[in-house]
Structure formats: C-alpha cells, structure tokens
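Okay, so here's the structure we're looking at.
Laboratory data are not the source of any read-out in this text; all were calculated from the coordinates shown. The structure presented is a predicted model; accordingly, all values stated were derived computationally and were not measured. Don't worry about glycine lacking a Cβ; one is built from the backbone with ideal geometry, like all the others, and counts go over all protein chains shown.
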Amino acid sequence: MSKYEIVGLMSGTSLDGLDIVHSRFAKKDEKWTYDILNSETIPYSGELLARLQKATEISEPDLKKLDKDFAHEMALMVNLFLSNRNIDDTTIDAIASHGQTVFHQPDKGFSLQIGCGKTLAAETGLPVINDFRNGDIREGGQGAPLVPIGDKLLFSDSAGAFLNLGGFCNISFVNEKEKWIAFDIAPCNLPLNKIANQKGQEYDKGGEIAKQGTINLFLLDLLNKLEYYNSSYPKSLGTEWLEGKFYPLIKFSKTPEDNMRTLLDHTAIQIANVLTVNKLKSVLVTGGGAFNSFLIERIIHHSDCEVVLPSKEIIEFKEALIFAFLGALHLNNEPSNVPSATGARKEVSLGVLHQS
C-alpha cells in the first residue's frame, strides 16, 4: 500500500484567497482513496491582492520579485495553518502548490504560475512540488484542465460529469468512446465578480444582483457567437482571452444588473449546451459558483441534467485536494495528466520537486 500526506495549495483566477487542504491519500489494490484532514481558505492581504491583480502588466524584474514575494506569503500561510491545527509537519510528505497563473499560452508552448517552489520549500522546511502544467505542454498538450485525473481516480462514483465553477468553468466526463474528456467551457466568476465590484461587492452573493437585471438579448447573442464555443476540444481559456475577446463586447458602464443577468445566463447556456450535446445525465458541481443559487437555477432551467451539489468542503476545496493528489502521484511516480483531455501526446508525471 502507498500512503502520502500532502498539503495542497490552490490559488484560482478569482483571487479570493489561498485554498489549503491537508489530505491523506492511500493506494491499495490499484484504487486510490482520500481523506481531507484539515482545510481553510486564507484571504490575501490588500497589498498582495493588488499586486497579483496587476501581475500581467508589470515588468519582468517586478514579476520575478512577485514570484518570490508570493511564495513568501504562501509559506507564512502554510506555517500558520500547520501551527493553528497542531499538525506535526514531520508527517507531511510534500506541499503540492498550483501557484497563481499569470500567463497561460499553450499555443506558444508555455504557462506561468508564480509562487517560487524553492522559496516555499526553504521557508516551510517541506518538499514542494509545483509547476504542474508545463510537463503536459511539453508533450503538445494544453496544460489544462488537470483536475480530470482526480475525477477519474477519486470521484468517478459520484456523478457522470464534473463541473467546476471558478473564474472560468470547466468540465470533465467520460464520452461515448470511453475516453476522459475535459475542457474549459466559458468564463464564470471572473466577469461576474468584475461587475459585482462596480456595486461595491466582492461577488454576487446567491445571484441577487443578477436577479434584479434583465437579459440584454443583443449582448447575449454576441457572447454566444464567440468562436471559442464552436472550436473542438482539447481547449482552455485564460485571462488573455477574456481581455481580448470577451470584455470588449461588454459596455461595463451600462446597467450592472442587466450585465450581470446577461453574463450569468450566458454561462448557464454554455454549460447546458455541453451537458445536452454530450448526453450527460448527472453532474457534480464544485467551486465558488456552486454557492450562486441563481446560477445553479439557470443551469437547471436550460438543461435536463441532474445537478448534484456535494458537501460544502468538497465544493470549496476539491481543486486544492486534486492538486494535492497530483503531488501524491508525482511521489508515487505515476502519470497525472489525461492526454484525451489535454491533447498531450502521452501520459507524464507532472510537477517539479524542490527539496527543503
């Protein structure tokens, strides 16, 4: 039997904080199991958040400094997390860190997640595994999505498909040819949070702002006709696409409520289209958007697929858990990408190990 205790770190495009999961994985008779032992989301300080939000716009020297500074802040968060829960760090086999995506351009052969692994290892005294995406990209893949390996090996008994509602929404499932497929569907929380900020809120709690708006059918039609939605998978989205293709269609100076309602329905429609076209019967929904009850309501409205909402802990921490699992697979010398999902030429063990 193989056993690993891993601290998984996830920082998503929504920048709502660092998700930390202390988890245990075991493999017996070729089957992996998991336990979440501790979990917490720690918000970023105002200064760090502002720097992360501007990361795509700063100079190379400033980006290198942010890479180190972000790792320093993550180390402080991890050390506090372990201390507050009286976790004996000698039981931890590794930290598995996603980092913060700044650039994701697999068509150009790279994806950059900041949060220096060497710094994080040095300041926590624990081995660190990071840079999970570039191994897949080197094999011709998108470097995303990476969660399908967790859906396949940890959650496959829970539903027929797995939908994550984060900054973008992505899905993974087994298609009719018995292959695991995964891809980004559409923007989700990133544009919704951008509009909520206009109203002085971090996010649209429960979809209350959207409920007050009216769908702008002209804008909805423009968004639904974006070329990305008709392109074949494997495919993935990044903030560059949002800035270049998506945001220019939206007049953010107009009524925030109408924009929110239109964008929310746009996301629900794109999700429903994927569920319907692929004849999916049930979908497990996680990520921050799972708490947006109006978004869930609109997905159900546009689709006949059964929507399954798991425990609050799984909704909030499934991605961090799966990145911890990627760390366990790395230590166990097992492949952790799914080529049918990412487009890679072959399976590879992802991540780079930094000793403390």
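The phi-based Karplus calculation (6.51 cos²θ - 1.76 cosθ + 1.60; θ = phi - 60°) puts the 3J(HN,Hα) values of the stretch 307-321 at 9, 10, 9, x, 5, 4, 5, 5, 4, 7, 10, 4, 5, 5, 4 Hz, whole numbers, x for Gly and Pro. Between the Cα long axis of helix 293-302 and the first principal axis of the chain there is an angle of about 60°, rounded to the nearest 10.
When both the stretch 232-271 and the stretch 176-219 are represented by their alpha-carbon centers, they are found 7 Å apart.
Protection proxy ranking of 90-98, 221-229, 263-271, by the mean of other Cβ atoms within 10 Å over each peptide's residues and highest first, is 263-271, 90-98, 221-229.
In terms of distances greater than 32 angstrom between alpha carbons, the cross-link table entries 199/281; 225/254; 3/279 yield 199/281; 3/279.
Note on residue 347/residue 225: beta-carbon distance plugged into 1/(1 + (r/R0)^6) with R0 of 45 Å gives a FRET efficiency of 0.80. Counting charges near residue 12 (Lys, Arg +1; Asp, Glu -1) among other residues having Cβ under 12 Å from its Cβ returns a value of -3.
Set the bar at 32 Å for Cα to Cα. Now go through 65/152; 108/211; 65/245; 152/211; 64/251 and name every pair that lies beyond it. From 65/152; 108/211; 65/245; 152/211; 64/251, over 32 Å: 65/152; 108/211; 152/211; 64/251. The peptide list 345-354, 52-61, 126-135, put in order of mean Cβ contacts within 10 Å with the highest first, becomes 126-135, 345-354, 52-61.
Close amide H partners of residue 38, meaning residues 5 or more places away or on another chain with modelled amide H under 5 Å apart, are 22. Report, in degrees rounded to the nearest 10, the 0 to 90 angle that the Cα long axis of helix 189-198 makes with the longest principal axis of the chain. Once rounded, one gets 70 degrees. Counting every other Cβ atom within 10 Å of each residue's Cβ, 178, 208 order from fewest to most as 178, 208.
Please identify which residues in the stretch 1-36 have an amide N closer than 13 Å to a label point set 7 Å out from the Cα of residue 158, following the Cα→Cβ vector. Under 13 Å, as judged by backbone N against the label point of residue 158, lie 34-36 of the stretch 1-36. Relative to the longest principal axis of the Cα atoms of the chain, helix 60-84 runs at roughly 70 degrees.
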